[in-house]
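Every read-out reported here was derived from the displayed coordinates using simple, explicitly stated rules and does not represent laboratory data. Note that the structure is a prediction, hence the values are computed from the model and not measured. Virtual Cβ from ideal backbone geometry, glycine too; neighbours counted across all protein chains shown.
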Amino acid sequence: MGEPPRDFTPDLRRLKVWPTMESSPWRQPYLADLTYGEMYRLANAFVPGRKVRILEVGCGQGFLSLELARKGHDVLGIDVDEKVVKTARRVMKSDAYKSNRGTLEYQVSDFSSWNNLGKLYDLVIFNRVLHHIPRPNKAVDKVKHLLTSRGRIICIEYAYDRFERRSATWFYHIRRVLEQAGWFASYKRLSDNIQVSVNRIMKDWHGHGRKERLNRFKEMHEPLRKLFRERHFSWEPYIFWDIFMGLRIPSVETEIGFARSLKAMEKALIEKAAISPILFCFVGDV
Ligand SMILES: C[S@@+](CC[C@H](N)C(=O)[O-])C[C@H]1O[C@@H](n2cnc3c(N)ncnc32)[C@H](O)[C@@H]1O
């Protein structure tokens, strides 16, 4: 993805069309709602109280921290990337709801070396971040020391190593139909040879140095289960995000309908154990 426009506003309450954000769900309000909006609703369902102190690790451009502060919580978002924090701060400053917000602050920091200066939190959230942090067991252990005695962790994470042939085959059929209809932007189209194409999808998915750079499901889940009392665990649809990136249906109405159905289809396939899901939500208490 290229540079976002200078005034790009990743805010669930200010959704609009961003035509140049080509491979991002933020480019269309309904795609943003089905992806980032859904992440917010999932995390929000497990916030332990009406006004709690929240640390969001790897907050990115801040859409989740912002929304939680608007609910009245006091939120600190940290991220190692200065650029995304700059966007988060800009969005925070132009927020029309700021007078009713809890406190909201962003810091540029690497969680592994971040110092909480003695401050404790009621909730620590990782949203698609722990899989990037080296030695996830250390990161999870650190969270334990940042939480109050009634604290909670919410971890919504990508487990790339769970992507397997059945998922790749489903992905192939969806993408192939869209490509044939001219409704998918791809740098190289898939062929009608299923085996060749599914192999290519599998290779792409597990390639790009993922094995070297990203944590696997077990490396994240084991310390979470060991150090926290599990309160909730679910598998969530996520493969559809990759289809959304290339989706180019000229009729907005058709694209909305297709996007909703695709997500519902992945959810149903997960429930029937027909594909192996790749995004999990773990909620644990101290
Ligand atoms: C996939 S993005 C997710 C961003 C955001 N949570 C979201 O869901 O849109 C991962 C984010 O984690 C941040 N990150 C990666 N390693 C980090 C670390 N060690 N400490 C803090 N942030 C980190 C990256 O800079 C990036 O913004």
* Structure fact -> One quarter of the C-alpha convex hull surface, i.e. the mean projected area of region 25-285 in nm², amounts to 14.6
* Enumerate the amide H contacts of residue 121 below 5 Å, restricted to partners 5 or more residues apart or on another chain; note that Pro and chain-start residues carry no placed amide H. => 147, 148
* Asked: Could you give the dipole magnitude of region 25-285 about its Cα centre, charging the beta-carbon of Lys and Arg +1 and that of Asp and Glu -1, in debye to the nearest 20?
  -> 300
* Structure fact -> Percent antiparallel among DSSP beta bridges confined to the chain, nearest 5, equals 45
* By how many nm would the segment from residue 100 to residue 180 grow when fully extended, if each residue of separation counts as 0.36 nm and the alpha-carbon distance is taken off? -> 23.9 nm
* Asked: Which order, highest average first, do 243-253, 137-147 follow once you tally other Cβ atoms within 10 Å for each residue and take the mean per peptide?
  -> 137-147, 243-253
* Can you put 169, 20 in order of Cβ neighbours within 10 angstrom, beginning with the fewest? => 20, 169
* Rounded to the nearest Å, what's the spacing between the alpha carbon centres of region 1-41 and region 238-273? Just the number, please. => 16
* Which whole DSSP H helices in the chain pass both tests: a Cα extent of 27 Å or more along the axis and a mean Kyte-Doolittle value no lower than -0.5? -> 252-271
* Structure fact -> Taking a crude spin-label model, label points 7 Å out from Cα along the C-beta direction, the residue 110 to residue 187 distance in nm is 2.8
* **Candidate lysines for bridging to residue 71, where Cα separation is under 30 Å - those fewer than 8 sequence places away on the same chain excluded** => 16, 51, 83, 86, 93, 98, 119, 142, 144, 263, 267
* Structure fact -> Neighbour-count ranking for 108, 17 (other C-beta within 10 angstrom, fewest to most) reads 17, 108
* Run the quick spin-label model on residue 82 and residue 272: label points 7 Å from Cα toward the beta carbon, then report their separation in nm to one decimal. => 5.1
* **Förster-model FRET efficiency, 51 Å R0, residue 231 and residue 23, C-beta, rounded to 0.05** => 0.90
* **Order of 87, 254 under a 10 Å beta carbon neighbour criterion, fewest first** => 254, 87
* Structure fact -> Between residue 119 and residue 217, the FRET efficiency computed from the C-beta separation at R0 = 22 Å comes out, to the nearest 0.05, as 0.10
* Structure fact -> Of the candidates 249, 118, 173, the farthest towards the positive dipole end of the chain (Lys/Arg Cβ +1, Asp/Glu Cβ -1, centred on the Cα centre) is 118
* Structure fact -> Partner lysines whose C-alpha sits under 20 Å from that of residue 203, ignoring same-chain residues fewer than 8 away, are 188, 211
* Taking H as built 1.01 Å from N, whose amide H comes closer than 5 Å to the amide H of residue 159, not counting residues under 5 places away? -> 279, 280
* Asked: Simple spin-label model, 7 Å along Cα-to-Cβ: residue 14 to residue 260 in nm?
  -> 2.7
* To do: Please give the peptides 28-39, 96-107 ranked by average Cβ packing (other Cβ atoms within 10 Å per residue), highest first, as a rough proxy for protection.
  => 28-39, 96-107
* Go through 31, 278, 65 and say which Cα lies farthest out towards the positive end of the charge dipole of the chain; charges sit on Cβ, +1 for Lys and Arg, -1 for Asp and Glu. => 65
* Asked: Which value in deg cm²/dmol, rounded to the nearest 500, describes the helix-derived mean residue ellipticity at 222 nm for the chain, given -39,500 (n - 2.57) per DSSP H run of n ≥ 4 and division by the residue count?
  -> -12000 deg cm²/dmol
